Structures are given as C-alpha cells and as structure tokens.
C-alpha cells in the first residue's frame, strides 16, 4: 500500500511541478530558455539538463519576454493582447481564430480583453458585431448572404486583414500549433 502512495505522490508532484520530460542536451549551455514548443510549453536548460516545462494553467509562453504570462498580457498568436499601432478606434476580428473572436482598439492600444462571438457566428468588421458567416465577406465569412459592402478586394474586411497581417510577428507559432 505504501508503494502505491509513493507512486501516486511522485506522479502528482511530477504533473503539478509542470515538468514533463528531461533530456541530456544542455551540456555546456548556460541556464535559460532555448525554444518554444507550443503556446504553453518551452525548453529550458537548468544545470546543464534540458527540461520541457509547461506554463501554469491560464498562462501562455511569451516568446518576446521568454516567460509565462497571463494570456491577456501576451501578443498573439498565443495570447490575447493585440498590437493596435496604426489601427483606428474600432473592433477587429482575430483572423487566426477564424474570426470567432474580436478585440477593441482605442488610441492605438488594445482595451479590455478579447471577446468571443456566440457559437456559429463570426465578427463582421463592417457591422462591428458578430453575425452569421454567410452575411460577412471573406476572409471571415462566405459573403453569400446579406453583406453591408460588396465583397471585393477593396472591401474594408480585406483592407483591415492586409494591414493586420503586416503587423503579425513572424517569430511565433500560429494559434493552436506546436513545433515538433
């Protein structure tokens, strides 16, 4: 019985401490974080031992600051903090989340936290609200229903996406993706 208690304790400690595996690939390296594996996992060298660590629940890995933070403080694709530099005071869809979430920019800063549309809806930049995908121009919707503006490459939805795409950092993993 005692062996089972010790085994359960060891497994619990292993899981709660956030450590999932150790390897011997850090020989000669200084302590530090060397690689992001996913939005919540990273590789860290401690005393020349490579450890895959997990962020605490509710936190994501910030590739810029190289530490785990609450998602509201981390830029996408892992966090919810959006770069609003150069954007007008408006609401904007999260394109990397299939437009089912949106955020608000005021004075070139994100205010509040990201909001999720009701299930089955996407955010329509023209209406500044969540609605049926058929009533929203691509890339967020299909555009085959009632749309506010014609679905052309000159539509506000396309122009906003192009502007946001230029601002997206290239050194981070896409939302929900992991590196092998």
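Here are a few things to note about the model shown:
- Some residue of the stretch 98-119 being on the phi < 0 side of the Ramachandran plot and modelled with pLDDT under 85: yes
- Residue in the stretch 46-55 that is surrounded by 14 or more Cβ atoms within 10 Å (Cβ to Cβ) and under 29 Å from residue 103 (Cα atoms) present: yes
- Scanning the stretch 131-140 finds one or more residues that are modelled with pLDDT of 90 or more, under 30 Å from residue 59 (Cβ atoms) and surrounded by 18 or more Cβ atoms within 10 Å (Cβ to Cβ).
- Within the stretch 60-72, one or more residues are buried (at least 18 other Cβ atoms within 10 Å of the Cβ), touching a helix residue (DSSP H, G or I) at 6+ places or on another chain (Cβ under 8 Å) and farther than 26 Å from residue 158 by Cβ.
- Among the residues of the stretch 54-100, those identified as more than 25 Å from residue 124 (Cβ to Cβ) and not in a strand (DSSP E or B) are 55, 56, 57, 58, 63, 64, 65, 66, 73, 74, 78.
- All conditions but one from (1) in contact with a strand residue (DSSP E or B) (Cβ under 8 Å, 6 or more places away or on another chain); (2) at pLDDT below 90 apply to residue 122; the one that does not is (2).
- Residue in the stretch 114-172 that is nearest to the chain's Cα centre (by Cα), counting only those that are farther than 22 Å from residue 84 by Cα and outside any loop (DSSP other than H, G, I, E, B): 121
- Residue 69 vs. criteria modelled with pLDDT of 85 or more and either within 30 Å of residue 142 (Cβ to Cβ) or touching a strand residue (DSSP E or B) at 6+ places or on another chain (Cβ under 8 Å) (or both): yes
- Every residue from the stretch 83-97 that is crowded, with 21+ Cβ neighbours inside 10 Å and at pLDDT below 90: 84, 94
The values are calculated or read from the model by the stated rules, or taken from the named source; none is laboratory data. Small disclaimer: the values here were computed from a predicted structure and weren't measured. Here the Cβ is made from the backbone with ideal geometry for all residues, glycine too, and neighbour counts use every protein chain on show.
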